[in-house]
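First up is the structure itself, then whatever we jot down about it.
The values are calculated or read from the model by the stated rules, or taken from the named source; none is laboratory data. Worth saying up front: this structure is predicted, and the values here are computed from it rather than measured. Every residue, glycine as well, gets a Cβ built from its backbone with ideal geometry; the counts of neighbours run over all protein chains shown. With ligands, DNA and RNA removed, areas are computed over all heavy atoms of the protein, side chains included. Shrake-Rupley method; radii C 1.70, N 1.55, O 1.52, S 1.80 Å.
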Amino acid sequence: MKITGVELRTIRMPLRSPFETSFGVEQDRLAVLIRVVGKSSEDLHAVEVHGWGECVAMESPLYSSEYADAAADVLRRFLIPLLLGAGTDVTAELVDPLLAPIIGHRMAKAALEMAVLDAQLRCSRQSLAGYFGATRTTVPSGVSVGIQPSISTLLDVVGEYLAEGYVRIKLKIKPGWDVGPVEAVRERFGELIPLQVDANAAYTLADARVLRRLDAFDLLLIEQPLPEDDIRQHAELARLINTPICLDESVVSVRAAADAIALRACSVINIKAGRVGGYLNARRIHDLCQANGIPVWCGGMVETGLGRAANAALAALPGFTLPGDVSASDRFYEEDLTVPFVLDDGQIAVPTGPGIGVEPIQDLLDRYTVNSEWIQP
Ligand code: SMG
Ligand code: MG
């Protein structure tokens, strides 16, 4: 494929309710979207193809060092020009090596690779799930529950999600909002609901005693208790608590995943394509974990229907043995950019159409766009 142009858009979508984590409160989702346009060959009459990518970087660098405006900048000035200069033989498999001279910026790279992969698969009329070698047609859906103003609100919110059919609950925690909420949810909803917590790096090893109190609640896992670059300390913590440790922020690459496994810093991994530089690296981490007996699940970054579609395809691989954060569109959005993903008996359907299998609805895309530019050679 030859890439002939790239559209870079920034959108801002309102969230149905504020989403609070240990690092802050999101009121809306600012995201960078990419549409690559290309031709399947050098033939001037070859049909034009396009593909969509969604960048998961958030508005501010609070979850990770990347943030939306920086992603747009590095895409515009460095990554897209590399892609446009690459000639006629661009494939999704070559995007990561092509962009390798640029250090870091994995979320920006992942979005560009996703767009090329979508275009390539639309061209060959293959679904993303089929390309990955997915084995499921639906994926079990878990939900991530933000920090709430009170325990009683938390119990109401969790009760609503369980009534909707979510098969696993993840509670966001932070120092001062940890043992109490978990205990209350266990008391109200029983020992049987699959329950886990996510600290988004808010603790230190000195908090081991508090974290150990969570052992009493039979959690599936605790996600990223310590800072991103504290792999060794996660290994220390794993020796001090019984709840399995799952890494999110720390796993920024296939190599980081291999290190974390070898050092026994975690026994579960949350895979997010954006965080690891793309869906192909995500697939490699899945394979690595499968070979090492490490269960994985698909994380979420408050994606629109575009990223949600790709996540559902990834989560349909056989190593994803735990329910992920691939929730229905209405978990976050009154109106998604695409035909909404809905919960059906606790499951999300994996798209079957070519590429990611969904398209943005043009009216909605235009309504939410705050900036758009067209970049060509
Ligand atoms: O998309 O369901 C989703 C969000 C899931 O909790 C979620 N994501 O650390 O796993 C995580 C967070 C990162 C984004 S928080 C704004
Ligand atoms: Mg997390």
Open item on the list: So GLU160 ticks every box in (1) under 19 Å from GLU20 (Cα atoms); (2) in a loop (DSSP other than H, G, I, E, B) but one. Which box is left unticked?
Closed with: (2)
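Of these, HIS50, HIS45, which one is more than 30 Å from PRO318 (Cβ to Cβ), in contact (Cβ under 8 Å) with a residue 60 or more places away in the chain and outside any helix (DSSP H, G or I)?
Details: HIS45 fails: in contact (Cβ under 8 Å) with a residue 60 or more places away in the chain.
Within the list HIS50, HIS45, the selection yields HIS50.
Which of the residues that make up the stretch 33-79 are of a type in the set (S, T, N, Q) and at pLDDT below 95?
Taking the stretch 33-79 as the starting set, the residues that turn out to be of a type in the set (S, T, N, Q) are 40-41, 60, 64-65.
Selection gives SER40, SER41.
Just checking, which of GLU335, GLU303 is away from ligand 2 (no atom under 16 Å from the Cβ), closer than 22 Å to GLU160 by Cβ and out of contact with any Lys or Arg (no Cβ under 8 Å at 6 or more places or on another chain)? Spell out the reasoning first.
Numbers: GLU303 fails: away from ligand 2 (no atom under 16 Å from the Cβ).
Going through GLU335, GLU303 in turn, the sole match is GLU335.
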TODO: Have a look at VAL36, VAL25, VAL47, VAL6 and point out the one that is farther than 19 Å from SER329 by Cβ and in contact with a Pro (Cβ under 7 Å, 6 or more places away or on another chain).
DONE: VAL25
Open item on the list: Only one of VAL370, VAL342 is free of Cβ contacts under 8 Å to residues at least 60 places away in the same chain and open to solvent by 20 Å² or more (accessible area, probe 1.4 Å). Can you tell me which?
Closed with: VAL342
TODO: Just name the residue that is nearest to ligand 1 (Cβ to nearest atom) out of those in the stretch 123-144 that are small (Gly, Ala, Ser) and part of a helix (DSSP H, G or I).
DONE: ALA129
Task: the stretch 160-185 residues that are more than 23 Å from VAL25 (Cα to Cα), paired with ones that are of a type in the set (Asp, Glu) (beta carbon under 7 Å, 6 or more apart) - done: GLY165/ASP345
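Being acidic (Asp, Glu) and within 16 Å of ligand 1 (Cβ to nearest atom) is the filter here; which residues of the stretch 314-367 pass it? Quick ask: steps written out before the conclusion?
From the stretch 314-367, those acidic (Asp, Glu) are 325, 330, 334-336, 344-345, 359, 363, 366; that's our starting set.
Those that are acidic (Asp, Glu) and within 16 Å of ligand 1 (Cβ to nearest atom): ASP325, ASP330, GLU334, ASP336.
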Task: Top-ranked residue of the stretch 145-177 - restricted to ones that are out of contact with any strand residue (DSSP E or B) (no Cβ under 7 Å at 6 or more places or on another chain), among the small types (Gly, Ala, Ser) and open to solvent by less than 50 Å² (accessible area, probe 1.4 Å), ranked as farthest from ligand 1 (Cβ to nearest atom) - done: SER150
TODO: Test LEU247 against the criterion of being within 15 Å of ligand 2 (Cβ to nearest atom) and at pLDDT 95 or above, and give yes or no.
DONE: yes
Open item on the list: Quick test of your reading of the structure: LEU192 fulfils all but one of (1) out of contact with any helix residue (DSSP H, G or I) (no Cβ under 6 Å at 6 or more places or on another chain); (2) under 15 Å from VAL158 (Cα atoms); (3) open to solvent by less than 60 Å² (accessible area, probe 1.4 Å). Name the failing condition by number.
Closed with: (3)
